[in-house]
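Colleague: Before anything else, here's the structure in question.
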């Protein structure tokens with residue numbers, strides 16, 4: 001990876017019992033950690049921001065080719081027995097992993113249905129990142145994987161307040177699990193955050209991006225690159241009684257964290273409420289995200305103004321941006337300039353470009369022979385509502401799905417033509433309990449599976 005100035009960002013968010021509008025930002029923890037290794041961190045961060053402003057200006061002037069790439073993801077589930085039970089063990093994990101990938105792909109490819117909620121003044125800035133996420137199917141040692149592994153740790157959680165926040169989660173010998181090759185996989189550790197001993201933490205996500213691991217003396221170890229994600233904010237809720245943090249149950253925490261991984265800052269610049277045009281104020285370095293004095297919470301109603309809004313010259317703050325702290329249901333867009341930043345990180349010469357050149361890890365290894373070219377499983381089964389048809393790879397000739405009840409009545413007929421994904425969600429929550437038969441129709445074949453709805 002090319003040498004770059006260091007920077008580190010993390011999601012400042014909620015614990016299950018945090019008070020609304022409390023200090024939810026864990027950036028101060030990250031700042032203390034990096035300064036302990038490198039006292040010049042703030043100056044380097046400021047220089048990095050100035051370099052970004054220059055690069056964005058050049059990209060706008062010359063025009064930048066929009067890339068469309070796919071990156072491999074591996075989820076490391078590192079929880080104790082009680083925490084695993086809370087999310088329904090292996091069946092619940094499969095459900096959450098698949099729904100989480102679905103949300104990432106929607107949010108990063110302009111496929112989120114809630115884009116209709118974007119205020120009209122911001123809608124022209126709504127763009128397509130063109131980064132697709134896929135589960136890894138080959139491990140670093142050439143064995144098959146479904147894209148996640150589960151470690152039952154003896155620890156109740158991992159400390160977010162240490163000089164190396166939650167670093168123990170990233171190492172097998174300290175109760176966690178070692179990273180897979182960070183040049184080929186985005187590693188995501190799903191954990192329980194702790195802070196100050198055994199106290200619950202307010203943090204729901206924490207990212208170590210590539211540029212923070214370059215210096216082996218002052219930086220974080222390269223094998224700690226990746227995302228830490230709270231198990232209370234992992235995946236998309238499919239039923240009311242699932243274990244999630246309130247209002248953070250649509251998978252947007254990871255959308256936010258991946259933004260950090262690919263070079264984005266919080267819109268307010270983590271500067272303590274000083275506006276960019278005042279002495280000492282910082283910003284995210286992105287022109288089309290309006291200046292903000294600080295994070296936004298809950299679900300605000302447009303327009304919203306704060307200390308950084310210029311009266312009569314502003315549409316207010318973009319509280320609905322994925323890089324803010326609003327509820328999952330109220331964030332719904334990246335801007336064009338944010339996309340330029342992420343494209344520069346994933347494109348040739350970028351910190352994360354190497355992730356795009358290993359398509360082999362997205363396929364099952366050659367010694368694994370699927371039942372058919374379009375082999376699939378359905379998870380979770382039994383289900384309480386949503387199911388996900390999960391293929392080994394993007395299926396060929398997939399036409400549609402018909403679901404019938406035990407007396408042969410068709411209850412769902414869903415068109416699948418033209419969808420370039422290997423994960424297909426189907427909402428069965430409107431159906432009664434019982435047994436159903438799910439038939440997938442391909443150009444020259446059909447396959448049927450049995451599903452139980454609870």
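Colleague: If each residue of separation counts as 0.36 nm, what is the full-extension length gain between residue 43 and residue 437 once their alpha-carbon separation is subtracted? Display every interim value, and only then the final one.
Modeller: Numbers: separation 394, 0.36 × 394 = 141.84 nm, distance 6.09 nm.
Length gained between residue 43 and residue 437: 135.8 nm.
Colleague: Can you tell me the order of 122-128, 141-147, 406-412 when each peptide is scored by its average per-residue count of other Cβ atoms within 10 angstrom, highest first?
Modeller: 122-128, 141-147, 406-412
Colleague: Place the peptides 81-94, 252-265, 291-304, 415-428 in order of packing, highest mean first, counting for every residue the other Cβ atoms within 10 Å and averaging per peptide.
Modeller: Result, highest mean Cβ count within 10 Å first: 252-265, 291-304, 81-94, 415-428.
Colleague: Based on DSSP, what percent of beta bridges with both residues in the stretch 376-453 are antiparallel, to the nearest 5?
Modeller: Here the share of antiparallel DSSP bridges comes out near 95 percent.
Colleague: Could you state the number of Å between the C-alpha centres of the stretch 289-307 and the stretch 130-208?
Modeller: 32
Colleague: May I have the convex hull volume per residue, in Å³, for the Cα set of the stretch 313-354? Spell out each step's value before the answer.
Modeller: Numbers: hull volume 4.1 nm³, N = 42.
About 97 Å³ per residue, rounded to a whole number.
Colleague: I would also like to ask the following. At what distance in nm do the modelled label points of residue 429 and residue 114 sit from each other, each positioned 7 Å from its Cα along Cα→Cβ?
Modeller: Inter-label distance under the simple model: 1.3 nm.
Colleague: Related question: May I ask you to order 159-170, 184-195, 376-387 by the average number of other C-beta atoms within 10 Å around their residues, highest value first?
Modeller: Details: 159-170: 21.0, 184-195: 23.5, 376-387: 19.5.
Taking the mean over residues of other Cβ atoms within 10 Å, the ranking is 184-195, 159-170, 376-387.
Colleague: Using the beta-carbon distance between residue 315 and residue 246 and R0 = 25 Å, what value does 1/(1 + (r/R0)^6) give for FRET efficiency, to the nearest 0.05?
Modeller: With a Förster radius of 25 Å, E is 0.30.
Colleague: If you take the square roots of the eigenvalues of the alpha-carbon gyration tensor of the stretch 323-454 and sort them as a ≥ b ≥ c, do you get rounded (a/c under 1.5), prolate (a/b over b/c) or oblate?
Modeller: On the way: a/c = 2.62, a/b = 1.51, b/c = 1.74.
Oblate, since a/c reaches 1.5 and b/c is not below a/b.
Colleague: If the viscosity is 0.692 mPa s and the temperature 37 °C, what translational diffusion coefficient in µm²/s does Stokes-Einstein give for the stretch 376-453 when Rh comes from Kirkwood over Cα pairs?
Modeller: 261
No value in this document is a laboratory result; all are computed from the given coordinates. All figures in this text were calculated on a predicted structure; none of them were measured in a lab. Every residue, glycine as well, gets a Cβ built from its backbone with ideal geometry; the counts of neighbours run over all protein chains shown.
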